[in-house]
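The values are calculated or read from the model by the stated rules, or taken from the named source; none is laboratory data. Source: prediction; values computed, not measured. Backbone-built Cβ (ideal geometry, glycine too); neighbour counts: all protein chains shown.
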Amino acid sequence: MVALRSLVHPYLVRGVASTRQMIAQPPPEEDWTAWVAEADGLIVGWASAYRNAHTSVPDFGDVSTLHVHPEHRGRGIGTALLTAALDHLAALRVRRVRTWVQTGSLPYAQRHGFTPSRELRYSALDLRPAPPVPEPPAGVRLLPLAGLDPYQVHLLDAAAAVGEPGDVPVDATSYSLWRSECWDNPGLDLEAGTVAEVDGTLVALSLVKRDSDRMWSDFTATRPEYRGRGLARLTKQAALHRAAGRGVRTAYTSNDEANAPMLAVNTRLGYRPVASAWSCLRDLP
């Protein structure tokens, strides 16, 4: 599965251990299920679907990273996987579905009833040489995640997600779900992931999930009342510097094209666009 994802989506980072956990221990509140297509003993297609437990919007679900090996396309594999995913969501009484679609696959999505909504930019950064160590202003401390109370990091994560651009608000993530998907993820690098602290309060964070020498900036954000001070860039630069020192060579991230502040941060850090995708929506009967 990891090999297939790396081939089709080389900018997505999820290692074997993280993928194994995702499949074997999915969060119960999401009703997560996945399907694969096999040919000659090899996995050539994949799709997953789940109830979105990160929002208070009722009856909302996602079909995640439906993709097929390039040499096996045009044989109905993608349609079979999509049908299974939509049937699963319909059985959960989901009425609104979102999926992410590569720009070149938008006609396929539209033929299956999906309407493009928001554009997403994937970006990459070569960490050779490593970004310099940032100099925090007076009163700001940059701390690794290691040694911090995960519940306090969860509270920061939840507060910082306020106003995140998207089709639905991210406003209902429970601590147990966050622990399962984030803190207890085998790919989370607690030494590279960084938070900014001001007067004893955690105010900004940049999470790092890695697979060998590749990393994904899972979430970088600041509490609303502390925005506009450059803390997101400061925290992300520190995380990138620490990750480079731990052997990471390439960093990937994604941003909604409407998220101008974070796109500006990434541009200043040296990220370059490598791909785009669209959030696409469809109603279920």
Just one listed residue, out of 90, 80, 109, 17, is modelled with pLDDT of 95 or more, among the small types (Gly, Ala, Ser) and under 26 Å from residue 211 (Cα atoms), and it is 17
Checked region 1-29 for anything charged (D, E, K, R) and closer than 16 Å to residue 185 by Cα; matches are 14, 20
Considering only strands (runs of 3 or more DSSP E) wholly within region 202-285, the ones with at least 3 residues that are under 23 Å from residue 154 (Cα atoms) and in contact with a strand residue (DSSP E or B) (Cβ under 9 Å, 6 or more places away or on another chain) are 214-222, 250-256
Looking across region 104-137 at residues that are out of contact with any Cys (no Cβ under 7 Å at 6 or more places or on another chain) and polar (S, T, N, Q), the single one that is surrounded by the fewest Cβ atoms within 10 Å (Cβ to Cβ) is 110
Of 141, 118, the only residue that is assigned by TED's automatic domain parsing to the domain that holds residue 230, over 17 Å from residue 210 (Cβ atoms) and not hydrophobic (A, V, I, L, M, F, W, C) is 141
